[in-house]
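Worksheet: the structure to be examined is printed underneath.
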């Protein structure tokens, strides 16, 4: 008698929790992410605690494993927009610092000439 190999194929890999349980899990995850994502990206300690890529993956994982309600999808979208805004502000700060350094370097050369 031959035995099937265990672990080769997971027949339940695409099964998502459904109904009230799924909604509850998604609500808990999203509430937690709303709280910690904003604090993490606030940069109070000189930069984000975790990179935006981490938060994007967390949000993507929630959408993959849960059947989200319209309200939950809106929350996910709002959090993605918050990450986008953080990244845009960081790029803007980096561009400003580059301009200031270039201006300072240009002034230093002009004074030494």
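Each value in this text was obtained by applying a stated rule to the coordinates, not by laboratory testing. No experiment lies behind these values; they were computed from the predicted model shown. Here Cβ is always computed from backbone atoms with ideal geometry, including for glycine, and neighbour counts include all displayed protein chains.
Across the range 20-112, the mean sequence separation of Cα contacts (distance under 8 Å, 6 or more residues apart), normalised by length, yields a relative contact order of 31 percent. For the residue pair residue 39 and residue 71, what label-to-label distance in nm results when each label sits 7 Å from Cα along the Cα-to-beta-carbon direction? In this crude label model, residue 39 to residue 71 measures out at 2.4 nm. Every pair of different Cα atoms in the range 20-112 enters the Kirkwood calculation, which places the hydrodynamic radius at 15.4 Å.
Provide the packing ranking of 48-59, 86-97, i.e. peptides ordered by the mean count of other C-beta atoms within 10 Å per residue, highest first.
Details: 48-59: 15.5, 86-97: 11.9.
Per-residue mean Cβ counts within 10 Å order the peptides as 48-59, 86-97.
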